[in-house]
Amino acid sequence: MSRIGRMPVAVPAGVTVTIAEGNKVTVKGPKGTLERALPVEMSIEQKDGQIIVSRPNDLKKMKSLHGLTRTLVNNMIHGVTEGYEKVLEVNGVGYRAAKQGRKLTLNLGYSHPVEMEDPEGIETVMEGQNKIIVKGISKEKVGQYAAEIRDKRRPEPYKGKGIKYADEVIRRKVGKTGKK
């Protein structure tokens, strides 16, 4: 049995969860509202301040959907109460980031500055010139936008220049040596 799928999801005070037909789950909380259509095969019910996800049978597909559905509901509740954030670091000589309104401008050694517009529901905050914090209530959107920023200049293994996650470790390589 799915260990994660079996665990009930606690609904904190100030959060309302509505389950419509077709497993369309809407979560309202202090930070905002999230809506998502979850797999129809799972049965999602709300009992005394908890959400319980159960599966119809033990087929492999149902087992995998069981844990996934429970985790998605849990992530939505976590998002509207505390929110999510990812921290990116810009490393390299002359590499810097700047923020103007909803526009993030990155100078990454290209012939032109790279400009990115914050998507709906996502906010980027600058800490100095080389730390970008991506915040939002949707874990998926925060992770996606952080990955898009990182893709503008991925960290390279020789000098470690580029945009990396704060908790990411870059495996460094030794450069080439001269002939003797």
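The values are calculated or read from the model by the stated rules, or taken from the named source; none is laboratory data. Predicted, not measured: the structure shown is a model, and the values here were computed from it. Cβ coordinates were reconstructed from backbone atoms using ideal geometry, including for glycine residues, and neighbour counts include every protein chain displayed. These accessible areas exclude ligands, DNA and RNA; they are computed on the full protein's heavy atoms, side chains included. Shrake-Rupley method; radii C 1.70, N 1.55, O 1.52, S 1.80 Å.
Would the stretch 77-89 turn up any residue that is more than 30 Å from Ala10 (Cα to Cα) and either touching a Leu at 6+ places or on another chain (Cβ under 8 Å) or in contact (Cβ under 8 Å) with a residue 60 or more places away in the chain (or both)?
yes
How do the pairs read when you match residues in the stretch 46-69 that are farther than 30 Å from Gly14 by Cβ with residues anywhere that are open to solvent by 70 Å² or more (accessible area, probe 1.4 Å) and outside any helix (DSSP H, G or I), using Cβ under 7 Å and keeping only pairs 6 or more apart or on different chains?
Hits for this filter: Pro56/Glu41; Met62/Glu41; Met62/Pro56.
Taking the condition of being of a type outside the set (A, V, I, L, M) and open to solvent by less than 100 Å² (accessible area, probe 1.4 Å), how many residues in the stretch 135-180 meet it?
So the count comes out to 21.
Restricting to strands (runs of 3 or more DSSP E) lying wholly in the stretch 1-117: which have 3 or more residues that are buried (at least 18 other Cβ atoms within 10 Å of the Cβ) and within 22 Å of the chain's Cα centre (by Cα)?
Output list reads 24-29, 84-91.
Condition test on Ile122, is it under 30 Å from Leu72 (Cβ atoms), under 19 Å from the mean Cα position of the chain (by Cα) and free of Cβ contacts under 8 Å to residues at least 24 places away in the same chain?
For Ile122, the condition - under 30 Å from Leu72 (Cβ atoms), under 19 Å from the mean Cα position of the chain (by Cα) and free of Cβ contacts under 8 Å to residues at least 24 places away in the same chain - is met.
Quickly run through the stretch 120-129 and pick out the residues that are out of contact with any Phe, Trp or Tyr (no Cβ under 6 Å at 6 or more places or on another chain), closer than 21 Å to Gly32 by Cβ and surrounded by 12 or more Cβ atoms within 10 Å (Cβ to Cβ).
Listed by number, the residues that qualify are Gly121, Glu123, Thr124, Val125.
Out of all the residues in the stretch 154-170, which are outside any loop (DSSP other than H, G, I, E, B) and either among the small types (Gly, Ala, Ser) or without any contact (Cβ under 8 Å) to a residue 60 or more places away in the chain (or both)?
Result: Gly162, single match.
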